[in-house]
Amino acid sequence: MIKEIHKKLQERTETTVDLTMQYLNAIKEKDSDIHAFLSVNEKQALQKAKETDEKIKKGEKISFLEGVPCAIKDNICIQGVPATAASKILEKYIAPYNATVIKKLNERGAVYLGKTNLDEFAMGSSTENSAFGVTRNPHNKTRVPGGSSGGSASAVAAGMAVWALGSDTGGSIRQPASFCGVVGFKPTYGRVSRYGLIAMASSYDQIGPITQTVEDAAIVTDAICGDDEHDNTAVKREKGGFYNNLKPELRGVKIGIIKEFFGEGLDHSVKKIVEERISFAQEQGAEIIEVELPHIQYSMAVYYLMMPSEVSSNLARFDGIRYGFSDAVDNDSASKTILDVYLQSRAKALGDEPKRRVILGTYALSAGYYDAYYKKAQRVRELIKMEMRDVFKKVDVLLSPTSPTPAFKIGDKSDDPLEMYLADVYTVSANVAMIPAISIPAGSIQEDKSQLPVGIQLMGKWWDEQKLFNASKALEISYGTVAKLAPTKNCSR
Ligand code: GLN
């Protein structure tokens, strides 16, 4: 998709301004229903598009992403633009600097249409935890788009952006991609800089692309990856090149099927689609190997202990003094003492889910409990990593469902946090082990005629994104509805 658009722009069969207008019009037409965007930057987008057109007119070569309209999750900072993380506490916050991924995209001339909705501070699996209203799944508006990058996934699925950035701490790129019938990729931890991403759980967070095709995911990853002087967890590696080396590949590829992931709780129609894809891979010459990962069942426990601990530490900066909402200034009957400012600002401007996690995390990190909880979880994390190290000696990639169910109904799980956490059961392991993982469209539910998209997940070895992309490219099927949802050519200006 990006390649085709790039060709049209470079060969001047379409102008960047026209293309950008089409997407802005698609947002106007569709987003009142879907609510994928929290803010739209029409003026800046068109200005950037104009600059690109001038460049092309002068005969200059443009890079792949130049002039291609995209959307950015609202927990990633673009200088001068609101970055709310879908929280009331940051409602009026304007980012004073660019995230490293944005700096890199600016160098490549990306056009930002706007910032997309998410669960508050990326905590959730349905985008219902946003302080600014729920996003709806473009395939069925009574359903959630998944989360926390639900705005980015639904924007791409509804043809309101060519591609988008999301962030993935426990599945927040892959699960919404699966619910919306698009591709979502979480790179190896450390492949992409986290500088300028509003932190949730720092040893888990990674930024990655949500796109319509695997090829597009490779193109975007090439653009955003690399080390960074602002983030010492972003590691220096050989530079990207994922797109250039992309070739569909299944023959001789050893695909591990995790036994533990096919048991209780997996929706039977999702299971059926995943099994069909496994058979397809086998027909294409892949070797299917069932593997057992006895510690993987502890991934959820490790994640839901370490993540809130890191959340409690990261959210401490939102105290009503340094950032955003302050009860001392934003309220008529303002707090009188400093303690009141802390307490009231947080009480009034943080939602239930961040509060729940801050309390859990503070408890887990408190004196006397640290060893029993955080440290123990860290040890189990190492065990899971070791298990992964062993399994990747036997297989090239692991294949599983992305989520145990298709998109659920809005409101179905919002009162039951534990139920909601279970939506992450297959995705968190990749974050715990820090390995790369991708969700690609695998089909849609036929039995109940709901036609809801279903994704499959492929996980790979640390830094071996190329193998993941290559196998995914051979396995992906484009989800028909996406094409139908793409913007129409009639653009009015
Ligand atoms: N759904 C998971 C959670 O609520 C993952 C979130 C994420 O990846 N940002 O924590």
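Below, the figures for the structure above:
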read-out: Some residue of the stretch 286-296 being under 20 Å from THR427 (Cβ atoms), in a helix (DSSP H, G or I) and open to solvent by 20 Å² or more (accessible area, probe 1.4 Å); value: no
read-out: Residue list for the stretch 305-319, restricted to those being in a helix (DSSP H, G or I) and buried (at least 18 other Cβ atoms within 10 Å of the Cβ); value: LEU305, MET306, MET307, PRO308, SER309, GLU310, VAL311, SER312, ASN314, LEU315
read-out: Qualifying residue in the stretch 154-168 (condition: within 13 Å of the ligand (Cβ to nearest atom), buried (at least 24 other Cβ atoms within 10 Å of the Cβ) and assigned to a loop (DSSP other than H, G, I, E, B)); value: no
read-out: Selected residue (only one of VAL454, VAL395 is modelled with pLDDT of 95 or more, touching a Ser or Thr at 6+ places or on another chain (Cβ under 7 Å), hydrophobic (A, V, I, L, M, F, W, C) and farther than 17 Å from TYR204 by Cβ); value: VAL454
read-out: Subset of the stretch 202-230 that is part of a loop (DSSP other than H, G, I, E, B) and either open to solvent by 20 Å² or more (accessible area, probe 1.4 Å) or in contact with a His (Cβ under 7 Å, 6 or more places away or on another chain) (or both) - its residue that is farthest from the ligand (Cβ to nearest atom); value: GLU229
read-out: Complete set of residues in the stretch 180-201 that are over 11 Å from the mean Cα position of the chain (by Cα) and within 12 Å of the ligand (Cβ to nearest atom); value: LEU197, ILE198, ALA199, MET200, ALA201
read-out: Selection status of HIS35, in contact (Cβ under 8 Å) with a residue 12 or more places away in the chain and on the phi > 0 side of the Ramachandran plot; value: yes
read-out: SER326, sole failed condition from (1) small (Gly, Ala, Ser); (2) farther than 15 Å from LEU90 by Cβ; (3) more than 24 Å from the chain's Cα centre (by Cα); value: (2)
read-out: Unique residue being open to solvent by 60 Å² or more (accessible area, probe 1.4 Å) and in contact with a Ser or Thr (Cβ under 8 Å, 6 or more places away or on another chain) when the list is LYS88, LYS92, LYS50, LYS58; value: LYS50
read-out: Candidate set: the stretch 105-115, residues that are assigned to a helix (DSSP H, G or I) and under 14 Å from ILE76 (Cβ atoms); chosen: the one least open to solvent (accessible area, probe 1.4 Å); value: LEU105
read-out: Identity of the residue in the stretch 116-136, away from the ligand (no atom under 16 Å from the Cβ) and at negative phi, that ends up surrounded by the most Cβ atoms within 10 Å (Cβ to Cβ); value: ARG136
read-out: Whichever residue in the stretch 417-456 is of a type in the set (S, T, N, Q) and in contact with a helix residue (DSSP H, G or I) (Cβ under 6 Å, 6 or more places away or on another chain) and, among such residues, is nearest to the ligand (Cβ to nearest atom); value: THR427
read-out: Single residue of the stretch 1-16 satisfying the filter (among the hydrophobic types (A, V, I, L, M, F, W, C) and crowded, with 21+ Cβ neighbours inside 10 Å) that is farthest from the chain's Cα centre (by Cα); value: LEU9
read-out: Test: residue in the stretch 373-382 that is within 16 Å of the ligand (Cβ to nearest atom) and more than 26 Å from ARG277 (Cα to Cα); value: yes
read-out: Residue within the stretch 97-104 that is over 30 Å from VAL454 (Cα atoms), open to solvent by less than 30 Å² (accessible area, probe 1.4 Å) and not small (Gly, Ala, Ser) present; value: yes
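The values are calculated or read from the model by the stated rules, or taken from the named source; none is laboratory data. Fair warning: this is a prediction, and the values are worked out from it, not measured in the lab. No Cβ is skipped: glycine too gets one built from the backbone with ideal geometry, and neighbour counts run over all protein chains shown. Side chains are part of the model used for accessible areas, which takes the heavy atoms of the whole protein and leaves out ligands, DNA and RNA. Shrake-Rupley method; radii C 1.70, N 1.55, O 1.52, S 1.80 Å.
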